[in-house]
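Taking it in order: structure first as structure tokens, then the write-up.
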Amino acid sequence: MTLTPARDAAAHVPDPVPAPSPSPGLLRRAACEFGLTALLLLAVVSGVRWLFAPDGYGGGGVAFALLGAGVGVLLGALMLSAPGRWSGGHLNPAVTVALWRLGVFPGRDVVPYVVAQLGGSVAGTWAAGLVWGPVVARPPVSHAVVRPGPGWGEGAVMAAEAGVLAGSALLLAGLLGHPVGRRLLPYAVGLVTALVIAVLGPLSGGSANPARQFGPALLSGEAGRLWVYAAGPVLGAVAGAGLRRRAGILGVRIARPPVRPRQP
């Protein structure tokens, strides 16, 4: 889950009536989101294959911690990469929605970003199957689909997913309020992601990203709980952004410097 806004996005609160034309370079930025999300899911499925399959590490709490550390480091690296700097490195539909609701990402670009992220999720999951073979499709890997632990119903999972994204939206707002915070975003995102996977992985599943679950759920045929892992983060992102904008509970104002869109 990444938390930076697109660098070429208009950094002001969207007008009540959005402009009919997309932001300059939107196609290229969406393509970056597609590719980065595909790389993320390829790495996630690969990690699950070697950490949870019987011929790998074998699973367990330590496996979740290792997976979280690896994904956290990768996420920070993807955000700092050239494609990540171009698109903003969202890699998470809920983060894109949160940035829009915070007023630092144009609403007209939300749908193209989300479509690109979900498409990248499917592509990356499918590519992992090509790389590692049939073991990816068989339990316990099952294309790295996220499952809740024993005793976790749909309501509890949704609450956990929403809570993570609400907190992430507030963290995002706080870091975006300061130039130093903006520079620390990739590292903060990596740390938060690692903790979410390590702590919540054995419990709620620790997805906190609709794109993280989308491709695995479709390709594994386990799409029954997909709506929970999609709705929870989005609702949490909207709630967290709403708290920040309406109550100003962080006590800081999001910096809104003029940004000139790059030309494709």
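Since every read-out is calculated from the coordinates, none of them should be taken as a lab result. On a predicted model such as this, the values are computed, not experimentally measured, just so you know. Neighbour counts run over all protein chains shown; Cβ positions are idealised from the backbone, glycine included.
Points worth noting:
- Net length available on complete extension from TYR187 to VAL111 is 24.7 nm, with 0.36 nm assigned per residue and the Cα-Cα distance removed.
- The stretch 83-169 shape via C-alpha gyration tensor axes, a/c threshold 1.5: oblate
- ALA82/ARG246 FRET efficiency (R0 35 Å; Cβ-Cβ; nearest 0.05): 0.45
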